[in-house]
Each structure stands twice: as structure tokens, then as C-alpha cells.
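Data first, discussion second: the structure below is written as C-alpha cells.
The values are calculated or read from the model by the stated rules, or taken from the named source; none is laboratory data. All of these numbers come straight from a predicted model, not from anything done at the bench. Positions of Cβ are backbone-derived with ideal geometry, glycine not excepted, and every protein chain shown enters the neighbour counts. SASA here: full protein model, heavy atoms, side chains in, ligands and nucleic acids out. Shrake-Rupley method; radii C 1.70, N 1.55, O 1.52, S 1.80 Å.
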Amino acid sequence: MKLRNKVMVILIVTVLLSMAGSGVFFFQQYKSAFQQSVFRTIDAAAKANAETLSNYLSTQHEIAKHIADMLPKEAVEYKDYLWIESYLGGHFKDFTFFNNGFFFLDTHGTLLADYPPHPELRGKNFSNRPYFQRTMATKKGVIGQPYRSARTGKGVLTFTSYLTARDGTPLGVVGCSTRLAEDKLFSELLSRTIGQSGYIYVFDKSRLMILHPKTERILTRDVPLGANILFDKAIEGFEGVGETVNSKGKKMLAAFRQIPGTDWIVASQLPAAEAYAPLWKSQKVFILFIVLGSIVAACCGLVFVHRSLRELNTLEKVTADLATPETSTVDISTSLRADISKLDPLLGHPEFGSLAKTIAGLYEKLGLSLVESRQMTTELDAAYQKLKATQSQILQQEKLASVGQLAAGVAHEINNPMGFITSNLASLKRYQDKLAAYIAQLEEWLQGEGSEEILLQLQAFKKKQKIDYVLEDINDLIAESSEGAVRVRDIVQNLKSFSRVDQTELTDADLNECLESTLAIAMNEIKYKATVVKDFGSLPPIPCYPQQLNQVFLNILVNAAQAIEEKGEIKITTRVDQNKVVVAISDNGSGIPVDIKDKIFEPFFTTKEVGKGTGLGLSISFDIIKEHQGQIWIESEEGQGTTFIIELPLEREGVTS
């Protein structure tokens with residue numbers, strides 16, 4: 001793409017991004033302000049309704065308490081229930097908002113008087129009603145949980161008062177109830193709307209819907225857990241406003257407020273589509289403004305750029321004809337000068353002359369630098385290949401170190417419970433011996449002191465329960481379990497010894513022990529392919545990194561097992577030779593061909609199938625032995641087997657024992 005076209009494209013993109021960015025920024029600010037305004041409106045409605053309901057409920061409760069307080073206690077004590085009914089009837093006419101009537105229950109929950117009177121309910125027990133149980137438990141009046149009347153089938157809200165005699169003796173409960181659907185304030189709240197289709201509803205913390213514009217939802221629990229996130233949070237104590245999805249799957253803006261003195265929650269909500277409708281209309285205007293503004297700005301910019309860059313065509317063509325110097329050129333300076341001379345006609349140009357001079361100078365420097373960089377690239381590529389191989393070896397070592405650390409952790413975690421098991425088995429053996437001695441003593445006593453009938457019954461029962469067999473078998477079971485625990489302990493000890501995560505520093509170690517622990521770990525790989533023959537000499541401890549040497553031994557042993565096609569033999573020999581320790585690991589496997597014998601210690605060289613080897617095992621082993629100031633080499637004959645020989649010094653140079 002030409003420079004002029006690039007500048008035009010950059011200008012257009014810049015204008016579009018600037019206009020779009022500005023439009024998006026201002027629209028987001030407007031959206032945020034609009035959203036906050038809607039949230040405040042919905043939240044204000046919830047707050048106002050919560051305050052209204054709180055005042056109304058507390059007032060109604062105070063009236064109910066006043067009615068109970070004015071009831072003569074003597075009428076209850078003398079069981080003058082007709083007089084109590086008359087008293088309640090007088091207040092029914094004065095307080096018409098208690099449109100479901102009044103009632104009196106004794107301390108057992110039995111209905112003794114009510115108004116309007118329902119003789120068929122007299123003597124019926126209502127102690128199962130939550131409002132009665134809460135009142136008797138708290139010894140004070142409560143606002144009951146709304147319920148559906150069994151008599152009328154309508155939703156009812158009950159206000160109670162705890163009635164006591166002058167000496168404090170409980171007399172019963174006075175209740176004043178109202179029908180939810182016919183309560184003036186409740187009906188007024190339900191008729192209020194937010195916007196065109198927003199509404200208010202009330203529920204409690206048991207998910208019971210108390211008030212709702214849809215009467216069929218009143219006194220139901222039809223909002224399952226998880227269906228409305230803010231609904232669930234409000235039950236947990238949340239107060240505020242936010243976006244949510246209601247139980248019908250409709251996106252809403254909703255506000256929730258707790259009603260003091262109750263476990264009721266008032267909610268006001270508005271469909272998000274309705275709330276944001278003005279915002280989406282404004283968004284269309286914003287988009288239209290951005291598109292038109294961008295088009296006008298881009299057109300103006302294109303005209304200006306076209307006129308300004310028209311004079312650059314010549315310079316652009318000449319610059320495009322400049323060739324890249326080749327390293328094969330005999331005289332690079334002469335070649336560069338020949339190309340730069342193409343810019344001579346432009347050096348005196350009043351506007352672009354300085355630019356042409358700069359290009360000429362840069363071209364000359366660039367050409368020389370390019371030749372040098374090509375030479376450096378060749379050298380760097382060789383260094384990179386070497387670095388890549390070294391990095392792979394380091395990564396492999398880090399992975400093996402991590403595996404060793406994990407193995408040590410597992411060994412430690414297994415070791416603790418195995419200690420419990422071993423100790424408990426020993427204790428169990430002692431207890432079994434004591435029980436057996438006790439049974440023997442008991443039988444001896446019964447034979448000498450007990451009746452013959454009891455003795456025969458005992459022997460028959462003992463034979464039926466196979467007690468002699470059980471006592472004998474317990475010994476075998478405990479012995480087998482103890483043997484298994486010892487085997488697990490040995491495996492764990494070998495695993496811990498192999499990992500040696502606590503020996504990351506140079507330390508003195510016995511190579512025979514290192515070989516033993518490595519064999520224990522690798523045995524699962526070896527035992528199906530070969531028999532291991534150990535010829536260990538007496539070795540002094542040598543300064544080394546045990547975990548690294550374990551890795552070397554493991555690599556060689558696994559390779560030896562994999563080299564044996566069927567059943568074979570792996571022989572491990574250790575000895576001291578003057579000032580060196582020599583370890584030889586031999587197998588009678590397939591051997592190593594002569595043509596690849598010198599390559600086996602090279603990084604990434606492998607004869608295994610793809611996915612079964614990285615070619616780093618022996619390379620890492622070679623580096624580890626070299627780091628220990630030792631030597632490793634192989635003796636192999638194709639078809640006869642291979643021997644890896646490792647020599648390590650008894651003392652390392654530069655290390656003081």
C-alpha cells in the first residue's frame with residue numbers, strides 16, 4: 001500500500017475511532033446517569049412503601065393491643081364468654097379494618113369466643129397456628145404470618161396480644177384479623193404502578209408471597225431458589241436496587257427494602273425494556289450523529305491529504321526503486337552509491353530535499369547494517385540451537401525435581417498413618433492374647449465350679465461360634481497385616497530415600513543405598529522383563545547430590561529393561577578402584593548399533609517410537625556425571641547387551657570434606 005493511501009486510511013480510522021470513542025464515552029455517561037435516575041425512582045418507591053407498611057402494621061398492632069388491654073380480666077377468669085363476645089362485637093363495629101373479626105383463645109389454643117360469632121368453631125383447638133405458638137413462646141403480641149383461612153379460603157393477617165391476669169398468670173391470646181384482599185391500604189398499594197407496567201409486591205423471608213397484583217400468587221411460594229438472584233439476596237438481608245431476572249425469566253430493575261419489626265420485604269420493580277426504552281431511542285440518535293460526523297470529517301480529511309501528499313509521488317517512486325545490497329557484492333560501497341545517486345534530482349527540492357538527503361543517508365547506513373546483521377543472524381542461529389538444547393535439559397531436570405518433591409510428600413503422608421496401623425496391630429495382638437487367656441481361664445473355672453448342663457451349653461455355643469478357629473485365625477490375620485504394614489513401610493522408606501528432597505546441597509552418600517532405593521522405585525518397570533543381580537562392594541560415602549545420581553541410575557535401569565525384549569538379566573556391580581568409585585550396570589538386551597553408539601549422549605537423540613522418549617534422559621545423565629567430576633561411557637555389542645560404566649571421584653576438587 002502506498003504512503004498516501006496509508007495516511008488516508010490512518011486518517012479515516014483515527015477520525016472514526018475518535019468520533020466513535022467520544023460518542024461511546026458520552027453515551028456511557030448519559031446511560032449511567034439515566035440508569036441511576038431510574039434506580040433512585042424505583043428505590044424511592046420501595047422505601048416509601050416499606051415505611052408506609054411499617055407504620056400501618058405497627059398502628060394496627062397497637063390497636064389490637066389496646067383492644068386486648070381494655071378487655072376485663074374478670075370476664076375471662078369467670079369464663080363469661082358471652083360477655084367477651086359482646087365486647088369484641090362492639091369493637092368490630094368501631095374498627096372495621098379488622099374485617100375478618102376478633103377472637104379469644106385460652107392458653108391451650110382453644111377458641112372460646114369470637115366475633116362475628118361462629119358457633120361451629122367454638123371449642124376447636126387452634127394451637128397449631130404459628131401466631132398462637134409465637135405469642136405464647138414470646139409472651140407478647142405478634143404480627144402473624146399471613147395464612148389462608150380454612151373456613152373462608154381467603155388470605156388472612158392476624159395481630160395478637162398476650163393476655164395475663166393482674167398477678168401475671170397467663171389467660172390466653174386475643175387476636176384481631178383482617179382479610180388481605182379487602183384491606184384498604186393493601187389494595188391501594190397493589191393498585192400503584194411504576195411506569196406503565198411496573199408494580200409492587202411483598203413477601204417474607206420464608207419466600208411466602210404476601211401481597212401481589214396477581215391474586216393467584218398471594219400466599220404461595222412460587223419463586224424457587226435461584227430463579228431471582230436479588231430476591232434471594234433480599235431474603236439474606238440485602239437492601240438496595242439492581243438488575244435481575246424474575247422467576248418468569250423476564251429482565252427487571254428491582255428495589256428491595258426490609259419492613260422494620262417484621263420479616264416482610266417490600267419490592268418495587270419495572271421491566272428493564274420499559275425502563276431503558278428512552279435510552280435506546282437516544283442511542284440511535286447518538287449512532288446517527290457519530291456516523292454522519294465521521295463521514296463529513298473523513299471526506300474533509302481525504303481532500304486535504306490528497307492535496308498535501310501529491311508532491312510525494314516522485315519521492316515515493318524513487319525510494320521504491322532502491323535495491324537491497326547483497327553480501328555477495330564485491331564492493332558494497334560502490335553499489336550503495338549507485339543506488340543513492342537516484343535521489344540526486346530530489347536533493348534540491350524546496351519541500352522534500354531534506355527528506356531526500358535523510359533517506360539517502362539512512363539507506364547507506366541501513367545497507368551496511370543489513371550486511372552485518374545477516375552475518376550476525378547466522379551466528380545467533382547457531383547459538384540459539386545450542387541454547388534451546390540446554391534449556392530443554394534444564395526443564396527436564398526441573399520436572400524430575402518436582403516429581404521427587406511430590407514423591408517425598410506422598411511418602412511422608414503415608415508414613416504417618418502406617419505408624420498408627422503398625423502400632424495398633426501390635427496392641428491388637430496383645431489384646432487378643434489377653435482375651436484368649438481370659439477365655440481359657442473362664443473355661444477352666446466353669447469345668448471346676450459350673451454345672452454340667454451349663455458347661456455343655458457353653459461348649460455347644462463355643463463350637464457353633466467356632467471360637468477356637470476364630471482365636472487361631474486372628475493370630476494369622478494379625479501376622480499377615482503386620483507383614484503387609486512392614487512391606488508398605490519399606491516401600492515408603494525407599495520412595496523417601498529416592499526423592500531426597502531434603503538433600504539439595506552437596507552431601508556424603510553411599511551409592512549402594514542410592515542404587516537400592518532406585519531399584520525399589522524402578523522394580524515395577526523391571527520385574528516383568530529381567531532378573532536383577534546385585535554385586536555390591538563395600539563403598540565409602542562420597543560427596544555428591546544423591547537425588548541427581550538417583551536420576552542417572554533410574555534412566556540407565558529403565559533403558560536396560562526396555563532394551564530386553566523378553567526375559568533377561570540386569571547386573572549391577574559396584575567397587576572401589578584406587579581413588580574412584582565404579583558403578584557398572586549391564587544388560588543382555590539388544591545392544592546398541594555401532595553407527596549410533598557415539599550419539600546416545602546427544603540431546604534429543606532417541607531410538608524409541610514417537611511419544612515414548614524425549615531423547616534427554618542419557619544427555620541429562622551425562623551432564624550430571626560431568627558435574628560430579630566423573631565419567632560415563634558404554635560398552636556394547638549389538639545382539640549381546642550393553643554395559644554403562646560410571647566413575648566418580650572419592651573426593652571432589654575444590655571441596656573440603
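The table below lists the values:
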item: Filter pass, Thr14 being part of a helix (DSSP H, G or I), modelled with pLDDT under 85 and hydroxyl-bearing (Ser, Thr, Tyr); result: yes
item: Residue in the range 490-509 that is modelled with pLDDT of 85 or more and surrounded by fewer than 16 Cβ atoms within 10 Å (Cβ to Cβ) present; result: yes
item: Sole residue being assigned to a helix (DSSP H, G or I), closer than 17 Å to Ser161 by Cα and not β-branched (Val, Ile, Thr), chosen from Phe132, Phe98, Phe103; result: Phe132
item: Filter pass, Ala113 being buried (at least 20 other Cβ atoms within 10 Å of the Cβ), modelled with pLDDT of 90 or more and outside any strand (DSSP E or B); result: no
item: Residue match in the range 441-450 (condition: part of a helix (DSSP H, G or I) and closer than 30 Å to Val486 by Cβ); result: no
item: Out of Leu163, Leu157, Leu171, Leu189, sole residue that is in a helix (DSSP H, G or I) and either touching a residue at least 12 places away in the same chain (Cβ under 8 Å) or open to solvent by less than 40 Å² (accessible area, probe 1.4 Å) (or both); result: Leu189
item: Test: residue in the range 47-61 that is more than 29 Å from Ala254 (Cα to Cα), of a type in the set (Gly, Ala, Ser) and surrounded by 12 or more Cβ atoms within 10 Å (Cβ to Cβ); result: no
item: Whichever residue in the range 47-85 is without any contact (Cβ under 8 Å) to a residue 12 or more places away in the chain and among the polar types (S, T, N, Q) and, among such residues, is nearest to Ser177 (Cα to Cα); result: Thr59
item: Residue list for the range 196-245, restricted to those being surrounded by fewer than 19 Cβ atoms within 10 Å (Cβ to Cβ), closer than 18 Å to Phe39 by Cα and polar (S, T, N, Q); result: Gln196, Ser197
item: Of residues in the range 409-418 being over 16 Å from Ala479 (Cα atoms) and of a type outside the set (Asp, Glu), the one modelled with the highest pLDDT; result: Pro417
